[in-house]
Structure formats: structure tokens, C-alpha cells
1. Just a yes or no: is a residue in region 97-111 among the aliphatic types (A, V, I, L, M), in a helix (DSSP H, G or I) and under 26 Å from PRO8 (Cα atoms)?
2. Which pairs do you get when a residue that is closer than 12 Å to VAL119 by Cα, found in region 25-45, comes within reach of a residue that is of a type in the set (Phe, Trp, Tyr) and surrounded by fewer than 23 Cβ atoms within 10 Å (Cβ to Cβ), reach meaning Cβ atoms under 6 angstrom, with the pair 6+ apart or on two chains?
3. Could you list all residues from region 45-96 that are surrounded by fewer than 23 Cβ atoms within 10 Å (Cβ to Cβ), within 14 Å of ILE122 (Cβ to Cβ) and aromatic (Phe, Trp, Tyr)?
4. Residue by residue through region 103-118, note down the ones that are farther than 21 Å from ASN81 by Cβ and among the hydrophobic types (A, V, I, L, M, F, W, C).
5. Just to be sure I understand, how many residues within region 49-66 are modelled with pLDDT of 95 or more and within 14 Å of the chain's Cα centre (by Cα)?
Amino acid sequence: MEGGVENPETIVAYWKNSADADFNTMQHLLASGDFHWALFIGHLVLEKLLKACYVSRHKKHALFTHDLLRLAEKSDVDPTNEVSNWLDEISTFHLNARYDNYKQDFYKRANKEFTDIWVARITTIREWLMQKL
């Protein structure tokens, strides 16, 4: 299978299972008040599900990127404008929680109210992506 993967179902299952585990971790972090880390893990949940969609549709290994909007476009999941905007914003959580020069501003923004809004959006997108698989 040139350029493709031999057992795409196995790879899709791996990404889905890993995303499910991360979703549980996100919930624990939210409950413990670790808001910026909950959002970072929420980004990973969506990244992994988008990679599962990519593999499922293209029978190739997923792209090496953390950009959720790019992954959605390449995965042919056809997000609405609203979901596209959310994916673009959620992609910043990866950078903001990970890199020191962005952390302080993100820590201040990622209060309970902000995090609750974005976790709800992450959950909505997660459910939508699960239906695509």
C-alpha cells in the first residue's frame, strides 16, 4: 500500500482510545482547578480525533501538525464557520500552555468561566467528530 497504512482501523482505534483517555484527564484537571492544563489537554483530544478522521478517510498516517483547523480541512470533516473559529482558537491553547513566553497571559485568561466555556465547546466538537468516525 504505497504511501498508506496497512491497518487503518487499528490506527483509528489508537487515536480514538487515546483521545478518550485524554478527555477523562481534561475532566480531572478541570475539577482540580488546573484550567490551563485542562485546555491544553482538550486541544489534544480534538487533535487526536481529527487525526483519526484523517486516517479513516485517507488511509494514510496523520499529518504532523497541532493546527486543528488545518487538520479539519485536510481530514474533510467540513466544519461550520463557528466550529472553524473554535478550532482556530483552541489551537492557541497548545502554544499558550506549553511555551513560557505565552504562559503568563494564558494563565490569567484561563479562569474558571473562560475554561468552562471552552471545555463545553471542546466537548461539542468531540461529540461531532465521534459521529464522523
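1. no
2. LEU29/TRP37; HIS36/PHE106; HIS36/TYR107; LEU39/TRP118; VAL45/PHE23
3. TRP86
4. Once the filter is applied, which keeps residues that are farther than 21 Å from ASN81 by Cβ and among the hydrophobic types (A, V, I, L, M, F, W, C), region 103-118 yields PHE106, ALA110, PHE114.
5. 6
The values are calculated or read from the model by the stated rules, or taken from the named source; none is laboratory data. Note that this is a predicted model, so its numbers are computed, not measured. Cβ atoms come from the backbone with ideal geometry, glycine included; neighbour counts cover every protein chain shown.
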